[in-house]
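> Below you'll find the structure I mean.
The values are calculated or read from the model by the stated rules, or taken from the named source; none is laboratory data. The structure displayed is predicted, hence computed values, not measured ones. Cβ atoms come from the backbone with ideal geometry, glycine included; neighbour counts cover every protein chain shown. Side chains included, ligands, DNA and RNA excluded: accessible areas come from the protein's heavy atoms. Shrake-Rupley method; radii C 1.70, N 1.55, O 1.52, S 1.80 Å.
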Amino acid sequence: MLDVAATQALRAADCKARFAVHGLFYDLPLGGAVWSCRSVLELIAHELVPAGDPSPVLDRRPDLLVVMMNPGSSRSIDGGFVPPQVADVAAIAGVRRLVPTIPDTTQYQIMKVMAARGWRHARVLNLSDLRETKSPALFRHVQALTGLPGGDGHSLWSPARRDELLRHIGPAAGSPPVILGWGRHKALFPLAEHCRAALAGRPLVGVQAPEGPLAYAHPSPMMQAGKDAWIAAILAQLAATGV
């Protein structure tokens, strides 16, 4: 394991040398449009990834769970990859093909926490599966879909996807710690409420933001000092939980 200073000093190349990144992508018809989505991201030590098909990683119990806002620009390393289009929300659970994915700065923050704790597998989920790079657009999409029948199906935390969610997070008893880092925008607070309710009884950590009890700072603020401060705060909280 690493101390805080050594953890903060890890570079992107160091993180990529330790961990592979694989995502679960699909396209969802909802509200008269087809949405590009990602439901799960697996950050896992290279030596734990099965040769050939990495999809069995979905059945592993991770060392850490992370919940963030949405997948942003997340995409496959293979530029020719075409995600499967599901028929409806109920069919999302049947998507099981993990593909190698391009990591980003936020994921390096999580990898640094993993390295500090000696963990080898983190599972990243989001309040919304919508792959939207611009936050204001995401908030508009979420609010527009909320008014439609079944419109919350883009969220893994919606009641319609309860069984799928439980397969990804496992039982509350003996749960790995959960980092909350979905940001501060109130448009996402209804989804955040569903998330917090589903995570009851688990060890939760996160940097509380001033916008309210459902607001948690994003893991990768713009300035490096903010990134370092987030890592230090999360490691201190994890140490306090005793997990």
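> Hey, can you tell me all the residues within the range 25-52 that are of a type in the set (A, V, I, L, M, F, W, C) and within 16 Å of Asp88 (Cα to Cα)?
Phe25, Leu28, Leu30, Ala33, Val34, Trp35, Cys37
> Give the range 16-40 a look and list any residue that's over 18 Å from Gln85 (Cα atoms) and touching a strand residue (DSSP E or B) at 6+ places or on another chain (Cβ under 9 Å), or say none. Outline the logic, then answer.
First, pick out the residues of the range 16-40 that are over 18 Å from Gln85 (Cα atoms): 16-22.
Residues satisfying the conditions are Arg18, Phe19, Ala20, Val21, His22.
> Has the range 148-165 got at least one residue that is out of contact with any helix residue (DSSP H, G or I) (no Cβ under 8 Å at 6 or more places or on another chain), of a type in the set (Gly, Ala, Ser) and modelled with pLDDT of 95 or more?
no
> Look at the range 1-53 and say how many of its residues are charged (D, E, K, R) and either open to solvent by less than 20 Å² (accessible area, probe 1.4 Å) or in contact with a Pro (Cβ under 9 Å, 6 or more places away or on another chain) (or both).
Counting residues in the range 1-53 that are charged (D, E, K, R) and either open to solvent by less than 20 Å² (accessible area, probe 1.4 Å) or in contact with a Pro (Cβ under 9 Å, 6 or more places away or on another chain) (or both) gives 4.
> Here is a check on your reading of the model: is Asp27 out of contact with any helix residue (DSSP H, G or I) (no Cβ under 8 Å at 6 or more places or on another chain) and modelled with pLDDT of 95 or more?
In short, yes.
> Any chance the range 60-83 includes a residue that's at pLDDT 95 or above, of a type in the set (S, T, N, Q) and open to solvent by 80 Å² or more (accessible area, probe 1.4 Å)?
No.
> So, in the range 99-109, of the ones that are closer than 30 Å to Ala160 by Cα and buried (at least 22 other Cβ atoms within 10 Å of the Cβ), which residue ends up farthest from the chain's Cα centre (by Cα)?
In this case the residue turns out to be Thr101.
> Answer yes if at least one residue in the range 188-203 is more than 28 Å from Pro29 (Cβ to Cβ) and part of a helix (DSSP H, G or I), and no otherwise.
yes
> Looking at the range 110-162, which of the residues that are in a helix (DSSP H, G or I) and under 12 Å from Pro71 (Cα atoms) is most open to solvent (accessible area, probe 1.4 Å)?
My answer is Ser135.
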